[in-house]
1. Exactly which GluC sites (Glu not before Pro) in segment 181-225 are in a DSSP loop and have at most 10 other Cβ atoms within 10 Å?
2. Quick check on segment 175-239: take the gyration tensor over C-alpha atoms, sort the square-rooted eigenvalues as a ≥ b ≥ c, and tell me if it's rounded (a/c under 1.5), prolate or oblate.
3. Straight distance only, please: which lysines reach the Cα of Lys194 with their own Cα at less than 24 Å, same-chain residues fewer than 8 apart left out?
4. Could you let me know the centre-to-centre spacing of segment 245-278 and segment 130-144, using Cα atoms, in angstrom?
5. Applying the Karplus parametrisation 6.51 cos²θ - 1.76 cosθ + 1.60 with θ = phi - 60° to the phi angles of segment 137-149, what ³J(HN,Hα) value in whole Hz is obtained for each residue in order, glycine and proline being reported as x?
6. Lysines within cross-link reach of Lys81: Cα-Cα under 18 Å, excluding same-chain residues under 8 positions apart?
7. Using the Cα gyration tensor of segment 147-290, with a ≥ b ≥ c the square roots of its eigenvalues, what is the shape: rounded (a/c below 1.5), prolate (a/b larger than b/c) or oblate (neither)?
8. Ignoring any ligand, DNA or RNA, what whole percent of the accessible area of the chain comes from carbon and sulfur when the probe is 1.4 angstrom?
Amino acid sequence: MLIYLNGKLVQEEEAKVSVFDHGLLYGDGIFEGIRIYSGRIFKLDEHITRLFMSARAILLEMPLNVYEMKEATIQTVRANKLQDGYIRLVVTRGVGDLGLNPLKCKLPTLIIIANKVALYPESLYEQGLDVITASTRRNITEGVNPAIKSLNYLNNILAKIEANNSGFPEALMLNHDGYVSECTGENLFIVRGKTVLTPPVSAGVLDGITRSTIKDICPALNLEFRETNLTRYDVFNSDEAFLSGTAAEIVPVVSLDRRVIGSGKPGEITRSISAEFRKIARSCGVPVYD
Ligand code: PMP
């Protein structure tokens, strides 16, 4: 596999970064995860825009401009002859000293990995996920704002550990005020009648790109899409629930804290949104090989 590292495509074995890189020492950096379907990069513009917004939010000067970043991404996919896969873009503050001062880091580190996607088993989509509420809360927006896709994922990892320790595959995270935020790496939605509800970004969630695709899909399926604060009560009383994310796409949720949601099976509306999403994801995107 060829990895893009600071302007060069190098073999995986040679793709190494310094132990003084502040991405490693302090989690000082940002990232993006992007899918490639049938030789087309899905929502490339949106992902690069979010990467630059994350960079701006942490005052990280990007080593490439928007156009160059897209080109470097395309070049990495091409070099690996990937048709279907997952692209990971990482930008760190770069090499500094052992202090945390970012002013000591003169050059950001840019890494682009284009790899095969590790897909979840199809049974997960057919049976749905059982989710547990974690006691670890999502970051407050006045701290490391969850809208920033930063390299600081410890809160989410702690929530995932709670799920693992309880024998559940996924955890729901509440925000500081006790409202629902999102799961450890996916946005959460509930369905009530013909309305799809999800917490607003102000509740402390990542402005997911799959989430905004769902927002675009809803009118065509005669569904209302609404952003609103949600509590666990709302999830327990919903007809259906599901998660969304670039890697997982749309995953039905069938229980929360051992309480069955709706019929306890993936719901019809979730299925129709998922089918529509898969159709869109596989038919549009930036072509890599044309
Ligand atoms: N929330 C979190 C915390 C995430 O890390 C992600 C991405 N894995 C998402 C939501 C989903 O965002 P997207 O649809 O842009 O992948």
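1. On the way: sites: Glu182, Glu186, Glu224; in loops: Glu186.
When the GluC sites (Glu not before Pro) of segment 181-225 are filtered for loop state and at most 10 Cβ neighbours within 10 Å, nothing remains.
2. Oblate.
3. Qualifying lysines at Cα under 24 Å: Lys215, Lys265, Lys279.
4. The distance from the Cα centre of segment 245-278 to that of segment 130-144 comes to 21 Å.
5. 8, 5, 4, 6, 5, 7, x, 7, 4, x, 5, 7, 8
6. Hits, sequence-local ones excluded: Lys8, Lys70, Lys116.
7. Working: a/c = 1.58, a/b = 1.18, b/c = 1.34.
In terms of gyration-tensor shape, oblate.
8. Numbers: 7410 of 13870 Å².
After summing per-atom areas, the C and S share lands at 53 percent.
The values are calculated or read from the model by the stated rules, or taken from the named source; none is laboratory data. What you see is a predicted model; the values in this text were computed from it and never measured. Quick reminder, even Gly has a Cβ in these numbers, built from the backbone with ideal geometry, and neighbours come from all protein chains shown. The protein model used for the area step is the full one, side chains on, heavy atoms only, and it has no ligands, DNA or RNA in it. Shrake-Rupley method; radii C 1.70, N 1.55, O 1.52, S 1.80 Å.
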